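Read through the structure below, which is laid out as structure tokens, and then see the notes.
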Amino acid sequence: MSAQNPTPADGPLVDGPADPEHDPTASYALEPGYVAALTDRILATGPETAEVRSPLNGAPLAHIPQSSDQDVAEAFARARRAQAVWARTSLEERAAIMLRFHDLVLDRQDEIIDLTVLESGKARKHAFDEPLHIALTARYYARTAHEHLDTRRVRGVVPGLTRVEVNRIAKGVVGIISPWNYPFTMALCDGLPALMAGNAVVAKPDAQTMLTALLGAELLEQAGFPKDLWQVVAGPGSKVGPSIIQRADYVCFTGSTATGKLVAQGCAERLIGCSLELGGKNPLLVLRDADLEKAAEGAVRASFSNAGQLCVSMERMFVADQVYDRFVDRFVARTQAMTLGATLDWGNDMGSLISQDQLDTVVAHVDDAVAKGARVLAGGRARPDLGPFFYEPTILEGVTPEMTCFGKETFGPVIALYRFHDEADAVARANEGEYGLNASIYSQDGARARELARRIKCGTVNINEAFGATFASIDSPMGGMRQSGMGRRQGAEGILRYTETQSVATQRLIRFAPMLGMSDESYARMMTVNLRVMKKLGRA
């Protein structure tokens, strides 16, 4: 397994007062003025700040102002005033702004990627996925706004005499609590359809990756969205999260299942809706007829993209007996050939974990498995020589139920391999546990793979692809079954969740009560005859 040493980066990085060449923690990695322009977007009036350092090398990035409950209240007040005006804008105007945002994201992708790598520690090629996904999302909702949001006619009870229209009304202000693992994507992808539907947003990005989210907010304003329409607050989730839930008209949360349940409870108390994308222990199936080279390449991406810190990444792999040894040889070889590096450059196959806590979890899961008899086929070591939180991409064999990583989400670069002989058994084992977010099947028989997919209890299933086919197809809904969440992002569901339906019926000529001296009994008989006739005519 090869590695690249840290190198100086282009862009806004500057030398500090110490000697950053030998001690990267001695100076700030970003220009103070650049950071200040971003953090000024946080609504925080108090003196409290939180320091953020890059997981690549420990270099300080920023001191993030922290929002109080009063600041959150003010953010919602500003957002509500802006939303009242925004809701009256035409879909054409909203779409034009959204498409300008699309162009800005593509034009400034290098800046976005640099900041994403610095804050999250991921490889540059994985950071590129973020502006790519946001551009796809912006274009999709701009182009399909009328399809999803236009008033539509539905059947009235009396043909020709009852006209019924269904309107889509913006909920108001949407609270979005986003995680650190994909800081640009997750900070924005749920909010863009909310804006398109006529809502405002109050966002609380994760503390570790606040700058990337703030850059997204800057681009939204530069594209033409009203200044107060997208508010950003900062602070610990345990403090700021409840403040958002108490004031929002809808909440979108991405994170752990345990925290998601608390969010759902808070929303239930206020009778507001929420969508939750939560944990996963995602399975990948390699069937006996799979193209093994394609499957091995896909398995590397499925397991180790963003160092495994991806909600839809794989942690369990079930491989048919007939091809197990040949597949494992290919998978291990590709994994051992991966390049790890703590740089902003292209060429790294995997970057760092985000934090000491995340590294501790990965180490604990692997060490526990090895102590109980699992075999390490690749990786299995921390790499402090590369950066404080690096861990090698790791393949385990012989993982059993008493091992922590058998059923608990690791959220790191660790995959466990299992043999299967019968495909029905593989599906049953893939469905074990409490999660159901994403799955992948490799087979050269697409029809059979699609049939198996229908039996897997996951919100998305990719065939002959790790996760990109569903995740990048914005017209397809994405979310989890069982303990992996509720609600969906993307597609029609991804925008309609931010609206209330309103039915407006106009009645002509007759009323729904006795007419022309008719008795109640006669009216009931007449309506009964009418119902029988409508059934014979095939009317719904």
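Once amide H atoms are built 1.01 Å from N in the peptide plane, which residues 5 or more positions from D190, or in another chain, come under 5 Å H to H?
Amide H to amide H, under 5 Å and 5 or more residues apart or across chains, D190 pairs with nothing.
Pull out a ≥ b ≥ c, the square roots of the eigenvalues of the alpha-carbon gyration tensor of segment 474-540, then state rounded if a/c is under 1.5, prolate if not and a/b is larger than b/c, and oblate in the remaining case.
prolate
Calculate for the chain the 222 nm mean residue ellipticity that helices alone would give, adding -39,500 (n - 2.57) per DSSP H run of length 4 or more and normalising by residue count, nearest 500 deg cm²/dmol. Working shown, then result.
On the way: 20 runs with 218 residues, N = 540.
Per the formula, -12000 deg cm²/dmol.
Largest first and in whole Å, what are the equivalent-ellipsoid semi-axes of segment 215-314 based on the Cα gyration tensor, each being the root of 5 times an eigenvalue?
The answer is 36, 21, 12 Å, longest axis first.
For the chain, list the cysteines whose Cβ sits under 4.7 Å from no other cysteine Cβ?
For the chain, the answer is C189, C252, C311, C405, C458, because their Cβ atoms have no other cysteine Cβ under 4.7 Å.
Over segment 412-523, consider all pairs of different Cα atoms and compute the Kirkwood hydrodynamic radius from their mean reciprocal separation; express it in Å, one decimal.
18.1 Å
Taking only protein heavy atoms into account and a 1.4 Å probe, give the accessible area per residue of the chain in Å². List each step's numbers first, then the result.
Numbers: 22570 Å² over 540 residues.
About 42 Å² of surface per residue is accessible.
The chain: longest stretch without exposed GluC sites (Glu not before Pro) (DSSP loop, at most 16 other Cβ within 10 Å), sites themselves excluded?
By the stated rule (loop sites, at most 16 other Cβ atoms within 10 Å), 49-401.
Using only Cα atoms, tell me the angle between helix 91-107 and the longest principal axis of the chain; keep it within 0 to 90° and round to the nearest 10.
10 degrees
Compute the signed sum of charges (Lys and Arg +1, Asp and Glu -1) over the other residues within less than 14 Å, Cβ to Cβ, of S256.
Neighbourhood net charge equals -2.
What are the residues whose amide H is under 5 Å from the amide H of I463, where those residues sit 5 or more places off or on another chain and H is modelled from the backbone?
Sorted by chain and number, the residues that satisfy this are I441.
Roughly how many percent of the accessible protein surface of the chain is carbon and sulfur, given a 1.4 Å probe and a whole-percent answer?
The nonpolar share, carbon plus sulfur, comes to 52 percent.
So what's the angle, to the nearest 10 degrees on a 0 to 90 scale, between helix 210-223 and the longest Cα principal axis of the chain?
Helix 210-223 sits roughly 50 degrees off the main axis of the chain.
Can you tell me the equivalent ellipsoid semi-axes for the chain? Use √(5λ) from the Cα gyration tensor, largest first, whole Å. Write out the running numbers ahead of the final one.
Values: eigenvalues 393, 217, 73 Å².
Semi-axes (√(5λ), whole Å): 44, 33, 19.
Students often check this: by mean Cβ neighbours within 10 Å, which of 382-392, 368-378 ranks highest, and how do the rest follow?
Descending packing order for the listed peptides: 382-392, 368-378.
The values are calculated or read from the model by the stated rules, or taken from the named source; none is laboratory data. Predicted model, so just to flag it, every value in this text is computed and none were measured. We place every Cβ from the backbone using ideal geometry, glycine too, and count neighbours over all the protein chains shown. We work out accessible area using only protein heavy atoms, side chains counted, and drop any ligands, DNA or RNA first. Shrake-Rupley method; radii C 1.70, N 1.55, O 1.52, S 1.80 Å.
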